[in-house]
Structures are given as structure tokens and as C-alpha cells.
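The values are calculated or read from the model by the stated rules, or taken from the named source; none is laboratory data. None of the values given here were measured: they were computed from a predicted structure. Because the Cβ atoms are built from the backbone with ideal geometry, glycine has one as well, and the counts that use them run over all protein chains shown. We work out accessible area using only protein heavy atoms, side chains counted, and drop any ligands, DNA or RNA first. Shrake-Rupley method; radii C 1.70, N 1.55, O 1.52, S 1.80 Å.
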Amino acid sequence: MGATYACDPANSRGRLYPEEESAFRSPFQRDRDRIIHSSAFRRLKHKTQVFLEHEGDYYRTRLTHSIEVAQVARTIAGTLGLNEHLTEAVALAHDLGHTPFGHTGEDALDALMQPYGGFDHNAQALKIVTSLERHYADFDGLNLTWETLEGIAKHNGPVTGELPVALSEYNELHDLELETYASAEAQVAAISDDIAYNNHDLHDAIRAKLITEKDICTVDMVARSFAEVDQKYPTLDANRRFHEALRRVFGLMVEDVLGESFRLMNKVNPGSAWDVRQAGQQLIRFSPGMWEELKQLRGFLFRQVYRAPSVVKMREQVTMIVNELFPLFMENPDYLPSEWREDVRKANDETALARIVGDYIAGMTDRFAIETHARFIGGADVRSRL
């Protein structure tokens, strides 16, 4: 029995283009399946999380990250009595709009796109699932339900102020009520993203030898977890010991979200999914104590991992790739693949062309961006310098 504040697929607000419903899948299951089968989802396999995809087979990519987020989200949603299929759909789609080279690529593309409306990966994810995926006979995009689109657009909270272009354009066509909070399911997807990357970025950083156990134990929550492992398993080998410690960090975050979210739900007592949207606050949250712990962890990751000299060097190199590809395609739109030519032909000004070029570059994988740069601009393969 689901919670009263869960999203009920039987009461979905439907799709922009009406379709006959499936005889054996709910609308939210269908959304999830369309996301999994999309081209953009497959491309996440070769898109950076923190470390470039070619740097090693064990590092997370955007695809493995998205799968981990979905796993956490389903666990939390199921425990809270929420709709697991909607939660999973939003979790799997949340990073579809990411550029090659992670947030570094996004920062570079956003700077280049500033004269043309900027770039935002959340808005780009919405554009992908409503327009850029072109496989179905009756519509562009995936024609997802209102609830899934809402979750993609505002899982991090209400979207106010000047809207990203892609989000503004779609919202005029199909009002996602951006000023309200998202469903509890979308909020679960958002916080599961935080849980997943806080945990696995530590794991990848250790594997990359950017940090040591001594470094990581300056974070109080991690140090406590190592102490618990040492008490229970005093002779455990280093690899298993590290894994057991991070399992505990992971578990602490999940348990905290569940405890705090149950507390808030009992306090606010929403009677419906609509009440969650109108609550005026996020109802799926970390406790204040855990939030303080996570600020320490995030500060550590920023200083020791995201700004490590080798990562900074990589950021400079991949920023150069994006900075050189964008003007190349602006000046030579005929270099774009044939399936993009019709869009280019319809572009009636520089802004329209820039948004096409931005969409094309944003959709590239790490390896394709590197190979395209080498092909058109020349010089040694950038991978040899990263």
C-alpha cells in the first residue's frame, strides 16, 4: 500500500501527445523503459563523472553513476511508500543533458553559449526527452508523462528567476508548474544523486591515488566508519577494509534521509502528491546534523579531488577541446552530420545555429569529442596529453 502522498500512475496528468496506455505497464514504467532505450542514455557510458572515461575501466561514468542513483532512489522510495517506477525514471534521466567531460565541459559550453541564452544540463535533459530524441513516428522526444518531465525539470527544487532557454520554451507549451516543489519521488531522485556521488567519488579518488586513507580519515564520518570496521574486523585486508568503511558511510546517509523524511512527512502530514508540491519546503532531506557532516565531506572532495593538480590539468585540456569545437562548427555547420543539416537549414539567425551546435556538442561522448577535435583541428590525440 503506497503512501497517501505518493504519485498514483492512475491519476497521471498524462502526456503532451495522447497515447493508448500499455496493457501491462504503468505510465511511469513506460517512461522508465523509454529512457533506458534512448540514445542519450546509452551515450552516458562514455561520459565523464570525475575521471575521463579512458583513464580506467573501474571509474564511474555518467551511466554507472545514473544506475547507482536509481538503485538508491528505489530503496528510499520503496521504504517511504512512494512510486518506485516514477522515482527510477527521474533518477535514470537526471544526467541525460550532461556534456562530455562532466561539469568542466558544461562550464565551457555555458560560457560559449552565454550570448545565445547559456547552457544548463537540467534544461538540456528536458530538451533531449522532449525534442532531440527522434525515433518515434508520432512525435519528437520520448513523450514522457507530466510527472516525469516535472521531476527532470525541478527535482532540485522550484525553478525561479530567468529560466534556461530550453526549459522556458518547453514550459510555454506544457506547463510544468516550475514555481512549486517537485513530487516526493523526484525529491528522492535528487537526494539519491547526492548520496551516490558523495560515496563513489571517494572510492574513485582512492583508486586514482589522489587521496590516501590518512587523508580520508580527516573527515569525521569516514573516520568513525573505519573505526567501526576495525573493531569488528581487526585483521581485514586493506581493500576489504576500505570497502566496508565506505559501505557504512553510504548506509549512514541513506538511513539519515529516511529518518528525517519520515519526521518531516509526519510533521507536514501531506494528504496527496499535490500537498507535497505545495509544502513550501523539500520534504526529502538530510537532517541538520548530517548536512553539517556532508559539508565537511564535500569540502574535502573539492580540495583534495576536484581541484587536485591532475584533475585541474585535465580540466584545462578538455576546456580547450570544447572551446575549439564550438567556433569550428559555427563557422562550418556543414561539418555537422547529415541528420543535423535540416535543422541547420531552418536556422534563421546566429542564435538558432548556436543552439544547434550546442546541442550537438552537448550530446558528444568524451571519446567522440576527443576524436572529433583530432580529426578537424589536428595535432596529437589529446588523450596522450591528459
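Tabulated results
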| item | result |
| --- | --- |
| Counted residues, the stretch 181-237 - those being aliphatic (A, V, I, L, M) and surrounded by fewer than 16 Cβ atoms within 10 Å (Cβ to Cβ) | 3 |
| Which numbered condition Leu163 misses (of (1) assigned to a loop (DSSP other than H, G, I, E, B); (2) open to solvent by less than 10 Å² (accessible area, probe 1.4 Å)) | (2) |
| Out of Ala137, Ala125, Ala91, Ala111, sole residue that is assigned to a helix (DSSP H, G or I), open to solvent by 10 Å² or more (accessible area, probe 1.4 Å), aliphatic (A, V, I, L, M) and farther than 22 Å from Asn348 by Cα | Ala111 |
| Unique match (being at pLDDT 95 or above, among the hydrophobic types (A, V, I, L, M, F, W, C) and either over 16 Å from the mean Cα position of the chain (by Cα) or surrounded by fewer than 23 Cβ atoms within 10 Å (Cβ to Cβ) (or both)) among Ile35, Ile67 | Ile67 |
| Selection count, the stretch 176-216, where residues are out of contact with any Phe, Trp or Tyr (no Cβ under 7 Å at 6 or more places or on another chain), small (Gly, Ala, Ser) and modelled with pLDDT under 90 | 1 |
| Pairs with Cβ under 6 Å, 6+ apart, first in the stretch 159-182 and under 13 Å from Thr130 (Cα atoms) and among the acidic types (Asp, Glu), second open to solvent by 70 Å² or more (accessible area, probe 1.4 Å) and in a helix (DSSP H, G or I) | none |
| Condition check for Ser66: of a type in the set (S, T, N, Q), part of a loop (DSSP other than H, G, I, E, B) and out of contact with any Gly (no Cβ under 7 Å at 6 or more places or on another chain) | no |
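For every residue, the table says whether it meets (1) modelled with pLDDT under 95; (2) in contact with a helix residue (DSSP H, G or I) (Cβ under 6 Å, 6 or more places away or on another chain).
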site	(1), (2)
Ser131	no, no
His135	yes, no
Leu144	no, yes
Thr148	no, yes
Ala166	yes, yes
Leu173	yes, no
